[in-house]
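First up is the structure itself, then whatever we jot down about it.
The values are calculated or read from the model by the stated rules, or taken from the named source; none is laboratory data. These figures come from a predicted structure and were not determined experimentally. Using ideal geometry, Cβ is built from the backbone for each residue, glycine included, and neighbour counts are taken over all protein chains shown.
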Amino acid sequence: MTSPVAGPVALLVVPPGTHRPEPLAAALRHWHPELRILPVWAGDPHLRPVLTDGYTWWHSDGEATAERQLELVGRAPGDALWLRVAAAASSALAAGAARVLVLVVGRVAVIGRLDALSADTATATLVPRAFGAVTRDGLHPDETELLDRGSWVTDVMCLGGAARPMLEWLRDELRAGPVDGCLPRLIERVALGFGLDVCRDPAVGVGTFRWHTDAPALAHLPDFDAEQPWVLDPGCGGRARVDVVGHPDRTAAITAAIAQVSGRDRRLVVPGGMAIDDVIRDVVSSADGDVPAPWSEPAAFRAWIASRYWSALHASRRDLAAAFPEPLGGDTGRFRDWCRRSFVDGHTSAVLGVSEQPDQRWSKPRPLDPTGVNLVGYLTRELSLGDVARRLRTGLVAAGVEVASLPYQRTASPQIVGEDRTADPIAHQSTLAVVNADQFPALAMDHPELLAAGTHVVGYWFWELEHIPRQMRAAAAMVDEIWVGSQFVADAFAAAVDTPVRRVPIPVPRPVPSLRDRASFPELAPAGDRFVFAVVFDHFSVTERKNPVGAIEAFRRAFAPGEGPVLIVKSMNASSRWPQHQHVAAAAEGRDDIVLWDEHLDRADHMAFIACADALVSLHRSEGLGLHLAEAMWLGTPVIATRYSGNLDFMDDECSMLVDATLVPVVRGEGVYPPEARWADPDLDQAAAAMRALAGDPSLVSALAAAGLARMEVQPSLADTGRVVAGLLGIEVAS
């Protein structure tokens, strides 16, 4: 800063990404017109955007315009940002600023006067992240997250005239590197060593840790997503400490803050797709000699980091040290196997290659038998794909086909109690692998012997969209055939790959409900004899795809409050998908006749609940098959469902009430479904009309229930399916 400054200054620090400083500047200008506002760009100078509204970027005399990314690689992102803050704030104070208010754009919003924060201070005023201890109450963020993030909000600080020595010390420590330069720890040391003031006004710093006022002045929202305003942190790992739903004052504050916290951070990525992580930062910061510039010399940098990365990763993690105590000795093979799988699982970049082949896991005697099947799948795990594999095994055995069972274990789903995990030898020429396409590369790396010459490999795959992502298309080259359970999935794969695709449906067996009735379910008992619509879904199955919010909106359109019918929204795993659950809660807010119920029921009780409902509603955006819809039809519960995707294999207008839909781009796909894909947007007015029709016509309910049951009863048996599978594989069985 070259010109003198009089009065207070606000530095609006903009991190790399899509954040814009103008909305925050406008809010400050409204509440504090006395401030001189200076935006500060803290990213790559080559990517600095053009400002509007008459603002200009702060810059220092002789500021380098050459590549600065390498400096950023050598330290954590927050540390690099505060190097920029310290330089800009020191410059402003040296030019005569009375005080300097530092605000990081995209992470804070000003919605009131900040007198309690911006009062005269000798050195600096900090904002506490929480008031007092964070109790062990199961809410998030918790005390561990407070320790990780630090006691002080690092996105807000007010600096006084005596702050320049503190800023110099902070710059020196940050330049020392990430080991000593962890920003939260440094701010803790600054607070102790320089005697800083603390802003204890509850209106300043409301956010995920605390919200103790109806009239906030400054909100700290570093993780906020403007597209999901019903929650403060969409990445919350559990039930939130501070909710928005049910708090009108918080909703109003968020509405006022949205424009200021819109935008997203952008991670540093080396050309070729390798993201800069903490291990790379540590390797670069501790390197002796010159390091290739990652953006000017990307190939040289990738080669340089690849030779150092895995040993640094091993040294940084206690779990790896315990699992592989001799990574360069006796544990070399196993550690390289783990490294190879780590980028398949998405933990590291595929650019970091590992040359060694993993150890073989399954024995493979010779010669292979042409009269049986190797069945690969999650045979010992509690998940739907495991159930599909077990049903296929039952059908094959019933058809007289010899089966070699090969349980695959790469899944977080729980082990079935009492199931033997021992794998049979790979004994047959034909292999049927019930492992989805997105996980097939992991299967190939875990068990290369399975795909070696001499076996005919069939992948039995499920998918929920008509768009097949690139990595799944690549997996098609690993199999000789693709089998799927519905025509929808068959059409999707057939349009995307050259590998032969067959529709080989598996019958849905008749479910066996428990003897529980309505009165035995506390959430259902108050409904009495009222008409009950049910929605059932698992948050782990991508909440937006299941679309419970659409079903809630259709119910609200169909019935006035207290008109009679009840909607029970039965979910699982809400505590692990709290932001998604809050979206559902926001949709149901204000309606006593919409009941949210999150609980894991055993299968028999879950089937009993569906049987107790008068109708099941699934306004899904897409289904690979729609197992729960088929089970409802078995149980005599009429179904209202979207006229789209796999459920159309067994549903039509004679046995169900289908709702028309248009195709729209995927939103909130949670990283599972790509945004370039499409899925269904069901007609909610049509769904509301279907709800009213069912609730008002008992004869229609009875007719649909009977037609649905009749449709399920004409399915083939598992033994019939086993014979079909054997025939497709060229295996002769007794008729």
Practice prompt. Please find, within the range 523-551, the residue that is surrounded by the most Cβ atoms within 10 Å (Cβ to Cβ) out of those that are assigned to a helix (DSSP H, G or I) and touching a His at 6+ places or on another chain (Cβ under 8 Å).
Written response: Lys546
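Are any residues in the range 199-223 in a strand (DSSP E or B) and under 18 Å from Asp115 (Cα atoms), and if so, which ones? Write out each step before concluding.
Just the residues of the range 199-223 that are in a strand (DSSP E or B), to begin with: 204-207, 218-220.
Correct list: Val204, Gly205, Val206, Leu218, Ala219, His220.
Every residue in the range 652-673 that is within 25 Å of Val701 (Cβ to Cβ) and either surrounded by 18 or more Cβ atoms within 10 Å (Cβ to Cβ) or not acidic (Asp, Glu) (or both), please. Full working, then the answer.
Here is the first cut: in the range 652-673, the residues within 25 Å of Val701 (Cβ to Cβ) are 652-661.
Scanning the range 652-673 gives Cys655, Ser656, Met657, Leu658, Val659, Ala661.
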Worksheet item: Within the range 600-619, can one find any residue that is among the hydroxyl-bearing types (Ser, Thr, Tyr), out of contact with any Lys or Arg (no Cβ under 9 Å at 6 or more places or on another chain), at pLDDT 95 or above and buried (at least 19 other Cβ atoms within 10 Å of the Cβ)?
Response: no
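Please find, among Val595, Val584, Val566, Val639, the residue that is closer than 28 Å to Pro507 by Cα and modelled with pLDDT of 95 or more.
Numbers: Val595 fails: closer than 28 Å to Pro507 by Cα; Val584 fails: closer than 28 Å to Pro507 by Cα; Val566 fails: closer than 28 Å to Pro507 by Cα.
Answer to the selection: Val639.
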Fill in: Residue identified as of a type in the set (D, E, K, R), surrounded by fewer than 13 Cβ atoms within 10 Å (Cβ to Cβ) and within 25 Å of Pro548 (Cα to Cα) among Glu713, Glu732, Glu676
Glu676
Worksheet item: Somewhere in the range 146-156, is a residue out of contact with any helix residue (DSSP H, G or I) (no Cβ under 9 Å at 6 or more places or on another chain), more than 23 Å from Pro39 (Cβ to Cβ) and either free of Cβ contacts under 8 Å to residues at least 24 places away in the same chain or basic (Lys, Arg) (or both)?
Response: no
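Please find, among Ser618, Ser576, Ser571, the residue that is more than 23 Å from Arg518 (Cα to Cα), of a type in the set (Ser, Thr, Tyr) and under 28 Å from the mean Cα position of the chain (by Cα). Break it down into steps so the answer makes sense when it comes.
On the way: Ser618 fails: more than 23 Å from Arg518 (Cα to Cα); Ser571 fails: more than 23 Å from Arg518 (Cα to Cα).
Just a single option satisfies the conditions, and that option is Ser576.
Quick check on Glu34: is it in the same structural domain as Leu81 (by TED's automatic domain parsing), surrounded by fewer than 16 Cβ atoms within 10 Å (Cβ to Cβ) and at pLDDT 90 or above? It would help to see each step written out before you state the result.
On the way: in the same structural domain as Leu81 (by TED's automatic domain parsing): yes; surrounded by fewer than 16 Cβ atoms within 10 Å (Cβ to Cβ): yes; at pLDDT 90 or above: yes.
Answer is yes for this residue.
From Thr255, Thr251, Thr213, Thr208, grab the single residue that is more than 29 Å from Ala312 (Cα to Cα), in contact with a Leu (Cβ under 7 Å, 6 or more places away or on another chain) and hydroxyl-bearing (Ser, Thr, Tyr). Quick ask: steps written out before the conclusion?
On the way: Thr255 fails: in contact with a Leu (Cβ under 7 Å, 6 or more places away or on another chain); Thr251 fails: in contact with a Leu (Cβ under 7 Å, 6 or more places away or on another chain); Thr213 fails: in contact with a Leu (Cβ under 7 Å, 6 or more places away or on another chain).
Answer to the selection: Thr208.
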Worksheet, complete the sentence: Scanning the range 552-589 residue by residue, the ones that are in a loop (DSSP other than H, G, I, E, B), within 30 Å of Thr208 (Cβ to Cβ) and not acidic (Asp, Glu) total 2
Worksheet item: Which of the residues belonging to the range 521-576 are within 25 Å of Ala689 (Cβ to Cβ), acidic (Asp, Glu) and out of contact with any Asp or Glu (no Cβ under 8 Å at 6 or more places or on another chain)?
Response: Asp529, Glu553
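Going by the conditions given, is Gly235 in a strand (DSSP E or B) and either outside the structural domain of Phe301 (by TED's automatic domain parsing) or among the hydroxyl-bearing types (Ser, Thr, Tyr) (or both)?
Numbers: in a strand (DSSP E or B): no; either outside the structural domain of Phe301 (by TED's automatic domain parsing) or among the hydroxyl-bearing types (Ser, Thr, Tyr) (or both): yes.
Spelling it out, it is not the case that Gly235 is in a strand (DSSP E or B) and either outside the structural domain of Phe301 (by TED's automatic domain parsing) or among the hydroxyl-bearing types (Ser, Thr, Tyr) (or both).
Somewhere in the range 657-669, is a residue hydroxyl-bearing (Ser, Thr, Tyr) and without any contact (Cβ under 8 Å) to a residue 40 or more places away in the chain? If you could, list the steps in order and put the result at the bottom.
Pass one, the range 657-669, residues hydroxyl-bearing (Ser, Thr, Tyr): 662.
Among the residues that remain, those that are also without any contact (Cβ under 8 Å) to a residue 40 or more places away in the chain are: 662.
Within the range 657-669, one or more residues are hydroxyl-bearing (Ser, Thr, Tyr) and without any contact (Cβ under 8 Å) to a residue 40 or more places away in the chain.
Of the residues Phe488, Phe540, which is at pLDDT below 95, closer than 18 Å to Val388 by Cβ and hydrophobic (A, V, I, L, M, F, W, C)?
Details: Phe488 fails: at pLDDT below 95.
Testing whether each residue is at pLDDT below 95, closer than 18 Å to Val388 by Cβ and hydrophobic (A, V, I, L, M, F, W, C) leaves just Phe540.
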Discussion item. Residues that are at negative phi and over 20 Å from the mean Cα position of the chain (by Cα): does the range 664-673 have at least one?
Written reply: yes
Practice prompt. Hey, can you tell me all the residues within the range 217-233 that are surrounded by fewer than 21 Cβ atoms within 10 Å (Cβ to Cβ) and within 26 Å of Met157 (Cβ to Cβ)?
Written response: Pro222, Asp223, Asp225, Ala226
Worksheet entry | Index of the failed condition, Arg643 passing every other in (1) charged (D, E, K, R); (2) surrounded by fewer than 17 Cβ atoms within 10 Å (Cβ to Cβ); (3) closer than 22 Å to Gly485 by Cα | (2)
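Could you identify the single residue in Val179, Val153, Val190 that is at pLDDT below 90 and surrounded by 21 or more Cβ atoms within 10 Å (Cβ to Cβ)?
On the way: Val179 fails: surrounded by 21 or more Cβ atoms within 10 Å (Cβ to Cβ); Val153 fails: at pLDDT below 90.
Criteria check complete, one pass: Val190.
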Worksheet item: Among (1) surrounded by fewer than 19 Cβ atoms within 10 Å (Cβ to Cβ); (2) at pLDDT below 95; (3) not assigned by TED's automatic domain parsing to the domain that holds Val388, which single condition is Pro469 missing?
Response: (3)
Item to complete: Within the range 599-618, identify whether any single residue is free of Cβ contacts under 8 Å to residues at least 60 places away in the same chain and either in a helix (DSSP H, G or I) or not assigned by TED's automatic domain parsing to the domain that holds Ser656 (or both), and answer yes or no.
Response: no
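How many residues does the range 607-628 contain that are more than 17 Å from Ser645 (Cα to Cα) and basic (Lys, Arg)? Spell out the reasoning first.
Taking the range 607-628 and keeping what is more than 17 Å from Ser645 (Cα to Cα), we get 607-616.
Then keep just the ones that are basic (Lys, Arg); that gives none.
Total satisfying the criteria: 0.
Looking only at the range 650-662, how many residues end up being more than 26 Å from Ala496 (Cα to Cα) and part of a loop (DSSP other than H, G, I, E, B)? Give the steps one after another, and end with the answer.
Here is the first cut: in the range 650-662, the ones more than 26 Å from Ala496 (Cα to Cα) are 652-659.
Imposing the further condition that a residue be part of a loop (DSSP other than H, G, I, E, B) reduces the set to 652-656.
Looking only at that region, the number is 5.
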Response to the item:
Going through the range 58-93 in order, the residues found to be surrounded by fewer than 16 Cβ atoms within 10 Å (Cβ to Cβ) and at pLDDT 90 or above are none
Worksheet item: Just to be sure, is Thr251 farther than 30 Å from Val542 by Cα and either free of Cβ contacts under 8 Å to residues at least 24 places away in the same chain or not assigned by TED's automatic domain parsing to the domain that holds Leu101 (or both)?
Response: no
